[in-house]
Each structure stands twice: as structure tokens, then as C-alpha cells.
Amino acid sequence: MLTMSCRGKTVADFSISKAIGSGFSLVVRRPVSVLAWSVAYLLVVVVPIALTFGYLLSEMPSLFANLRQMDPHGGMPADIFRLQSRMMMANPLMMVTGLAGRALLVGAVYRSMLEPDNRRFFSLRFGKQELWLALSLFVYGLIVMFALLAVMLGGGVLGSLAWLIGSLIADPAAATLTRVVLIGCVVMAAAGVWIWVAVRLSLGPVMTFAEKEFRLPESWALTEGHAWKLAGLGITLAVIAFVFALIIEGIVMAIAYGQLGGLDKAHLQAFFPTGQMPHVVPLLLTLSPAIALGFALVGPLFAIMVAPLASVYRDLKGRT
């Protein structure tokens, strides 16, 4: 989208409503591809994790048996430490598969938005663009995480200072009001700084994908003058995600209630016997309709949440 500035120069801008609608439009235009993305995520991320946890939990029956026979004064059984070490070894695998799945689906959404004619294999690829995208997503996540830690530490220091300022006021009511106001301002300022950093770099992954090179720092210049609108877009998407989560949770709980016959102790006792290993496989089979629904919605949710940033990038770069 292009707008005219007061000096007559053409300035790139974007529409929040258009960006939000782009994800829903993508789901309507390419429903088969969106479902294929759900299957791809299942194969790349969920299946390896399920196999890993199946291997890790294979010793759970013997662990339960040892715990029932454990001497209270003899310390923890060796099975617990063995299981813990296996889970620590599985963490890198889960991180790699999770990042690969994100890059695969995010790349498919970006390709559908920026390269609409490139539809082979449902726009799914795992090549140079996805590798750069995975690196960009990883670095962006680290920056956002460290920025959050920084504002939390800074906010904690300023909050302590606000508490000390309140202690200097003799009137208890005035002291409490002062502390509430000052700490509230600190919290809002800290949240504002974190959101500002996150939105200024938010176009880095899509720029990296489109230009096939690492472009995270360049997002700072591209988003100049658009931070407020990007923050509004992010908040709107967060609200949409929250509403979707509530709806999906209600549907899944209704399916689970119907499949289990109830969520009271009497019905759950068949799957979670007291003092014994839970019956995982029968429980998963019983809840399979709810699980299948959750997996089927992965692709549509990725499209709805990711496509808006591709739409924003396309408008700010003046691309068609």
C-alpha cells in the first residue's frame, strides 16, 4: 500500500485489516495446501517427539514398580536418574525438529503470499530459503527472549526503587497509592520497550525468506515509522489466537467428555488407576478424534498468524 506524505513523496504503508484478512483469505484459497501443512508438521515435529517419548517412557512400568517398593531411607532409585539423563539427551532433538517444523510451515505461508505461482508440493520446501529462515527465526527468538529478561531485570530494579520511594511517605494510604502508580508505570514502560524491540525486528524472518539472505537487522530500518501499527497488528493477532484457543479448547473438551463418558473420578479411573502406570495407549485411542482435530488445525492457524507479516512486508516493499 502506498500513501502520499505532506511533501508529495510516496511513502509505503500497510493496512492492519488487510494484513489480518490475508491469513483467512489464504485458508479459503488453498484449503488442501493448508491441510497438507498440518500433515507436514505432524510428520516433521510430532512423530519424532512421540517416538522419542515412547522410547523414554518405555521404562515407566519398572519405575512405578520400583517406586512402590522403594525404601524411604534408601534414596531415589537409579531408574529415575537414567530417565532424567535420557530426557536431557532428547532436548536437542526436540529443539531441532521444532525449529525445522516452524521453518517448513512458515516458509510455506511466506511462499504462498510472496510467490503465489510457486505451488508445487503445496508450497512446501526445505532448501536454502528455509535454512536461512530457520536461522532467522532462531536468532529472533533469542533476541526477544533476552530483551524480555533485560526489561524484567530493569523493571525489577525500578520497581524496587519505586517501593523505596513509597516508604518515604508517612501517610500509609498515600504511600500505597504512590507505589501502585509508580510500579504500574514501570510495568507498562517495560512491556512497551519489549514490544517495541519485538515489532521492530518482526519483519526480519520474512525479509530473510524473500531475499534469501540473513536480513534480521534490516527489519529495524524497514519498520521505522510503523512500530505502533505493527504493535496493533500483533495485539489483534494475539486476541484472535486467544479466541481461537478458547473455541478449540471447548470443542476438544466436549469431544473428550463424550469419548470418556465423563471427566469424573469414576470414568478416569479406568485410564489412571491408583498407584499404577497410566494406560496411555487406550487413552490416546479414546481421545483420537480430539487429537486429530487439534493436528488438523495446525496448518490453518499457521496461515492466519503468519500470513499478516508477509502481507505487511509486501506492502512496505511495494511488491505485488
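The values are calculated or read from the model by the stated rules, or taken from the named source; none is laboratory data. Predicted model only: the values in this text are computed from it and were never measured. Methodologically, a virtual Cβ is constructed for each residue, glycine included, from the backbone with ideal geometry; neighbour enumeration extends over all protein chains shown. Keep in mind that these areas ignore ligands, DNA and RNA; they rest on the heavy atoms of the full protein, side chains included. Shrake-Rupley method; radii C 1.70, N 1.55, O 1.52, S 1.80 Å.
For a quick check of your reading of the model, give me the residue pairs whose first member lies in segment 28-54 and is open to solvent by 20 Å² or more (accessible area, probe 1.4 Å), whose second is among the hydroxyl-bearing types (Ser, Thr, Tyr), with beta-carbon atoms closer than 7 Å and at least 6 apart or on different chains.
Here the result reads VAL44/THR97; PRO48/THR97; ILE49/THR97, each pair linking segment 28-54 to a residue that is among the hydroxyl-bearing types (Ser, Thr, Tyr).
Within segment 103-148, which residues are among the charged types (D, E, K, R) and either in contact with a strand residue (DSSP E or B) (Cβ under 9 Å, 6 or more places away or on another chain) or open to solvent by 40 Å² or more (accessible area, probe 1.4 Å) (or both)?
Those that are among the charged types (D, E, K, R) and either in contact with a strand residue (DSSP E or B) (Cβ under 9 Å, 6 or more places away or on another chain) or open to solvent by 40 Å² or more (accessible area, probe 1.4 Å) (or both): GLU115, ASP117, ARG119, ARG120, ARG125, LYS128.
Check segment 138-159 and report whether any residue there is within 30 Å of PRO31 (Cα to Cα), under 21 Å from the mean Cα position of the chain (by Cα) and aliphatic (A, V, I, L, M).
no
Just to be sure before I move on: is ALA310 at pLDDT 90 or above, assigned to a helix (DSSP H, G or I) and open to solvent by 20 Å² or more (accessible area, probe 1.4 Å) in the structure I sent?
no
Only residues in segment 144-155 that are assigned to a helix (DSSP H, G or I) count as the first member; pair them with residues that are surrounded by 14 or more Cβ atoms within 10 Å (Cβ to Cβ) and small (Gly, Ala, Ser), Cβ under 6 angstrom, at least 6 apart or cross-chain, and list the lot.
VAL144/ALA198; VAL151/ALA190; GLY155/ALA190
Within segment 100-118, how many residues turn out to be hydrophobic (A, V, I, L, M, F, W, C) and closer than 19 Å to VAL139 by Cβ?
Of the residues in segment 100-118, 5 are hydrophobic (A, V, I, L, M, F, W, C) and closer than 19 Å to VAL139 by Cβ.
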